[in-house]
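First comes the structure, then the notes that go with it.
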Amino acid sequence: MEVAPGRVVTLEYTVRLATGDTIDSTGGCGPLSILYGAGQLFAPLETRLAGMRAGETRELRIPADEAWGEPLPGLVRTMPRDRLPPDLELEVGRQYVLRTDEGRALRFRVRALGPETVEADFNAPGAGQELHATVTVVAVRMPTPEEERRGRV
């Protein structure tokens, strides 16, 4: 049986940026089961699974424009150092996550440090990079009536 809409697909995968950095993997949690076509997986990855069979492994490439897109210059900002927590030790090239007063996560990478300013890049770490995925389909089956009713595994 092959991967097709409405079928339960159990898979293992590792997704890396073009730099080689791993951004997602089932390696630590074991195989993942999804209802194919139900939007439970990153869409550009899911569409590339069509037609695969149990036991098959594919090396997939997802162009940057289908992943996070190109970096947006407007998401690189210079801000006063005093707008960040005073005990935060900043390092060029390092990623940081801060919480707003409303609890929203702000992710940025420090591009440059001045005496009183910080140049921060708020683009996604993978912006402008192609994704490389290794995917193995472990099993493909028809959904149970309950899975079909819920529209997910």
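What is the one condition in (1) at pLDDT 95 or above; (2) more than 26 Å from residue 152 (Cβ to Cβ); (3) more than 17 Å from the chain's Cα centre (by Cα); (4) part of a strand (DSSP E or B) that residue 91 does not satisfy?
(4)
Checking residue 95 against (1) in contact with a Pro (Cβ under 8 Å, 6 or more places away or on another chain); (2) free of Cβ contacts under 8 Å to residues at least 60 places away in the same chain; (3) more than 17 Å from residue 17 (Cα to Cα), only one condition comes out false. Which one?
Failing condition for residue 95: (3).
Restricting the search to segment 23-73, which residues are without any contact (Cβ under 8 Å) to a residue 40 or more places away in the chain, aliphatic (A, V, I, L, M) and loosely packed, with under 15 Cβ neighbours inside 10 Å?
If the condition is that a residue be without any contact (Cβ under 8 Å) to a residue 40 or more places away in the chain, aliphatic (A, V, I, L, M) and loosely packed, with under 15 Cβ neighbours inside 10 Å, then 43 is the only one that fits.
Would you be able to tell me the number of residues in segment 47-74 that are under 27 Å from residue 25 (Cα atoms) and part of a helix (DSSP H, G or I)?
Count: 4.
Residue-by-condition table, conditions (1) crowded, with 16+ Cβ neighbours inside 10 Å; (2) aliphatic (A, V, I, L, M); (3) touching a strand residue (DSSP E or B) at 6+ places or on another chain (Cβ under 8 Å):
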site: 99; (1), (2), (3): no, no, yes
site: 102; (1), (2), (3): no, no, no
site: 123; (1), (2), (3): yes, no, yes
site: 143; (1), (2), (3): yes, no, yes
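Quick one: residue 115 ticks every box in (1) loosely packed, with under 13 Cβ neighbours inside 10 Å; (2) closer than 30 Å to residue 10 by Cβ except a single one, so which number is it?
(2)
Within segment 75-88, does at least one residue satisfy the condition of being under 23 Å from the mean Cα position of the chain (by Cα) and either under 25 Å from residue 31 (Cα atoms) or at pLDDT below 95 (or both)?
Among the residues of segment 75-88, not one is under 23 Å from the mean Cα position of the chain (by Cα) and either under 25 Å from residue 31 (Cα atoms) or at pLDDT below 95 (or both), which makes the answer no.
The values are calculated or read from the model by the stated rules, or taken from the named source; none is laboratory data. Just so it is clear, the structure is predicted and the values come from calculations on it, not from any experiment. Glycine also receives a Cβ, built like all others from the backbone with ideal geometry; neighbour counts cover every protein chain displayed.
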